[in-house]
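The values are calculated or read from the model by the stated rules, or taken from the named source; none is laboratory data. Predicted, not measured: the structure shown is a model, and the values here were computed from it. Here the Cβ is made from the backbone with ideal geometry for all residues, glycine too, and neighbour counts use every protein chain on show. Ligands, DNA and RNA are excluded from the accessible area calculation, which covers all protein heavy atoms including side chains. Shrake-Rupley method; radii C 1.70, N 1.55, O 1.52, S 1.80 Å.
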Amino acid sequence: MRPIELELGVIAQAAGSARLHIGATDVIVGVKVEVASPSPFAPTQGRLGVTVEFSPCASPVYQGRFGETYGEQIAAAIEASLAPSSRSAGAGAAAGASTSGAATTTTGGGGGGGPSWGLDLGKLCISAGKTAWALYVDALVLNDDGNVVGAVSAATLAALVDTRIPKVEVTTDAAGEEEIELDDSPGAAWRLDVSRVPLVVTVAQVGSQCVVDLTAPEERCSSSALHVAVNRAGQVCGATSSGRAGVEASMLLAMTETAQRLAPGLWEQLMRFLQSPAR
């Protein structure tokens, strides 16, 4: 892996933000929070939305429609890894998350006590069926020198760790209507539980080898790539393939196991930095 540089709090107006460099790849992520109405299909959960955009300067290939389309595909995969329940009604959206055709596989499930991975959107509910917190994660790729999906995933995790959500009190007025009072003082804000948020690790196939963290020129030599969402315990939470050709069946297991070996260590290293008092 190339050296990773990470900076938090880079967007003053955001609830949380991070800028991450992996080699020359440069990604910035901001998180916006606001009070909104919950989805009628999930009245006791908050909302989550992810967008990924490419600067025209990131790479010549992102000029025009391709950059917009690829950003939408990456956003779908990242959102599915953050909150699988938020895409249960449109899981097919993530299935196109590739540069040239893809297939997505997700494993695990929500269960009765919240999701087995990702954010617990139930913690974002303010008043069931009436109000909830909405999280908007916006990523901008400033420069692409390879491993963009992994960079966006890691920067998103860091921005969520940096996110502070105001304390809310719900009161009832004389007419019986609910009123929401926000306390946005730093001491009253609370943080998200990211302990179950996976990292997306990209494993590329070059010949008969599994390779990670390719640069942009190296990526052009790979025939396919598998973007695997893996949690801190090494469990696979989902996978998306991309590339000129589909992932060979004979390589699928080896590529998945490579991601499973690598992700927990990356997750722990990232969290040690994010939770360090010295940062």
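Structural remarks
- Near Ser185: Cβ cut-off under 15 Å, other residues only, Lys/Arg at +1 and Asp/Glu at -1. The net charge is -1.
- Segments 49-57, 151-159 sorted - mean Cβ within 10 Å per residue, highest first: 151-159, 49-57
- For the chain, the solvent-accessible area works out to 47 Å² per residue, with a probe of 1.4 Å and every protein chain left in place.
- Gaussian network model of the chain, springs between alpha carbon atoms under 10 Å - residue of Glu178, Glu257, Glu34 with greatest fluctuation: Glu178
- Placing +1 on the Cβ of every Lys and Arg and -1 on the Cβ of every Asp and Glu, with nothing else charged, gives the chain a dipole about its Cα centre of roughly 680 debye.
- Packing order of peptides 5-12, 227-234, 77-84, highest average first: 77-84, 227-234, 5-12 (average count of other Cβ atoms within 10 Å over each peptide's residues).
- Sequence ranges 193-201, 258-266, ranked by mean other-Cβ count within 10 angstrom, highest first: 193-201, 258-266
- Rounded, prolate or oblate (a/c below 1.5 giving rounded, otherwise prolate when a/b exceeds b/c) for the chain by Cα gyration tensor: prolate
- Separation of the Thr44 and Phe66 label points, Cα + 7 Å toward Cβ, nm: 4.7
- Per-residue accessible area (protein heavy atoms, 1.4 Å probe) orders Ile180, Ile28 as Ile180, Ile28, starting from the largest.
- Look at the Cα gyration tensor of the stretch 1-70: its axes a ≥ b ≥ c give a/c of at least 1.5 with a/b at or below b/c, and that counts as oblate.
- Surface composition of the chain: carbon and sulfur atoms hold 53% of the protein heavy-atom accessible area at a 1.4 Å probe.
- Model label points for Thr172 and Arg220, set 7 angstrom from Cα along the Cα-to-Cβ axis, are 6.7 nm apart.
- Positive end of the dipole of the chain (Cβ unit charges, origin at the Cα centre): among Met251, Val35, Ala233, the Cα lying farthest that way belongs to Met251.
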